[in-house]
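Taking it in order: structure first as structure tokens, then the write-up.
The values are calculated or read from the model by the stated rules, or taken from the named source; none is laboratory data. Everything numeric here is computed off the predicted structure, so don't read it as measured data. Positions of Cβ are generated from backbone atoms using ideal geometry, with glycine treated the same way; all protein chains shown enter the neighbour counts.
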Amino acid sequence: MTKQLLHLVIGGELKDISGTEFRDTNAIDIVGVFPDYQSAHRAWKAAAQRTVDNAHVRYFIVHLHRLMDPTNDEDHD
């Protein structure tokens with residue numbers, strides 16, 4: 001059985017494309033929480049492709065399992 005490694009996919013318009021600060025935190029797109037990196041990556045890719053025409057929009061994969069258990073740096077990405 002594979003260990004559950006939760007990942008969150010979020011995105012939105014950034015203040016500056018070289019940073020990670022969102023222009024409007026109320027407008028952040030929460031794509032969802034996924035049980036593994038592979039499914040989170042598929043969701044991230046789909047969301048990023050939908051917004052490819054807007055250079056200021058970025059999507060990120062947040063490794064929730066690392067935040068929940070910082071002593072365990074296990075990952076499968």
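Observations, loosely collected:
- Annotation: I30 fulfils all but one of (1) touching a residue at least 40 places away in the same chain (Cβ under 8 Å); (2) touching a strand residue (DSSP E or B) at 6+ places or on another chain (Cβ under 8 Å); the unmet one is (1).
- The set of residues from segment 15-58 being among the β-branched types (V, I, T), at pLDDT 95 or above and over 25 Å from M68 (Cβ atoms) comprises just one member, V57.
- Top-ranked residue of segment 1-19 - restricted to ones that are touching a residue at least 24 places away in the same chain (Cβ under 8 Å) and exposed (fewer than 10 other Cβ atoms within 10 Å of the Cβ), ranked as nearest to T51 (Cα to Cα): Q4
- Residues located in segment 20-41, provided they are surrounded by 12 or more Cβ atoms within 10 Å (Cβ to Cβ) and outside any helix (DSSP H, G or I): F22, R23, I28, D29, V31, G32, V33, F34, P35, D36
- Any chance I17 is of a type outside the set (F, W, Y) and in a strand (DSSP E or B): no
- Breaking point among (1) of a type in the set (G, A, S); (2) out of contact with any Gly (no Cβ under 7 Å at 6 or more places or on another chain); (3) farther than 24 Å from M68 by Cβ, for G12: (3)
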